[in-house]
Amino acid sequence: MWKYGKNRNKKRVLRLILVGALCTVISLAGGCFNESKSEMKSYGRDGYMGYSNTNPNLLNKHSSLSYKDDARLIEQVLIPVKGIQRLKVSFTGGQVQVGIQVKKGLSGAEIEKVRTESLAIVQKNMPHYDVSVKVNR
């Protein structure tokens with residue numbers, strides 16, 4: 001009975017060694033099948049190891065932490081647009097609605113120009129949102 005116990009322990013140890021060796025061989029062989037570095041796709045250096053570049057719909061894109069910060073940025077980038085008297089920014093999940101009140105005396109073509117210019121600016125600066133711009137007179 002004592003002899004049986006020793007053989008049994010030896011078999012267990014041998015099995016563990018074989019399993020460990022097999023795992024090592026498999027993990028080393030896995031490196032041989034990787035693509036070469038010249039063919040691998042690299043994501044931009046965004047400070048998050050490519051995390052925000054691979055997930056563009058996340059709110060932390062460009063270190064954005066809140067809707068309040070994003071609203072401030074939208075107001076800031078729309079300052080140079082001529083014809084805006086007042087604006088209001090609101091968010092619904094991944095959508096941003098920009099309401100613009102234009103200055104009095106603008107023609108229909110000028111109002112449309114303000115709207116399209118504002119839309120383009122906000123979309124460029126906030127690519128992770130679906131942007132809509134509404135103009136009120």
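Please count, across segment 65-136, the pairs of lysine residues with Cα atoms under 20 Å apart that sit 8 or more places apart or on different chains.
Total qualifying Lys-Lys pairs in segment 65-136 comes to 20.
Pop a pseudo-label 7 angstrom from the Cα along the beta-carbon direction at both residue 97 and residue 12 and give the gap in nm to one decimal.
Result: 6.8 nm between the two label points.
Can you sort 68, 103 from fewest to most other Cβ atoms within 10 Å of each residue's own Cβ? Write out the running numbers ahead of the final one.
Values: 68 11, 103 14.
So the ranking, lowest neighbour count to highest, is 68, 103.
How charged is the neighbourhood of residue 131? Take every other residue with its Cβ under 13 Å from the Cβ of residue 131, and add Lys/Arg as +1 and Asp/Glu as -1. It would help to have the intermediate numbers written out before the result.
Details: positive: 115, 124, 134; negative: 70, 117, 130.
That works out to 0.
Using 1/(1 + (r/R0)^6) with R0 = 25 angstrom and r between the beta carbons of residue 67 and residue 110, what's the FRET efficiency to the nearest 0.05? Intermediate results must be reported in sequence, preceding the final value.
On the way: r = 30 Å, r/R0 = 1.20.
The calculated FRET efficiency here is 0.25.
Positive end of the charge dipole of segment 65-136 (Lys, Arg +1 and Asp, Glu -1 on Cβ, about the Cα centre): tell me which of 119, 81, 107 has its Cα farthest that way.
107
Where does each of 129, 67 land when they are ranked from fewest to most other beta-carbon atoms within 10 angstrom? Don't jump to the answer; show the numbers that get you there.
Working: 129 22, 67 14.
Starting with the residue having the fewest Cβ neighbours, the order is 67, 129.
Treat the count of other C-beta atoms within 10 Å as a stand-in for reagent exposure and order 12, 115 from fewest to most. Please report the intermediate quantities before stating the final value.
Details: 12 10, 115 18.
Least to most surrounded, the residues fall as 12, 115.
Just so you know, all these numbers are worked out from the coordinates, no wet-lab data involved. These figures come from a predicted structure and were not determined experimentally. Backbone-built Cβ (ideal geometry, glycine too); neighbour counts: all protein chains shown.
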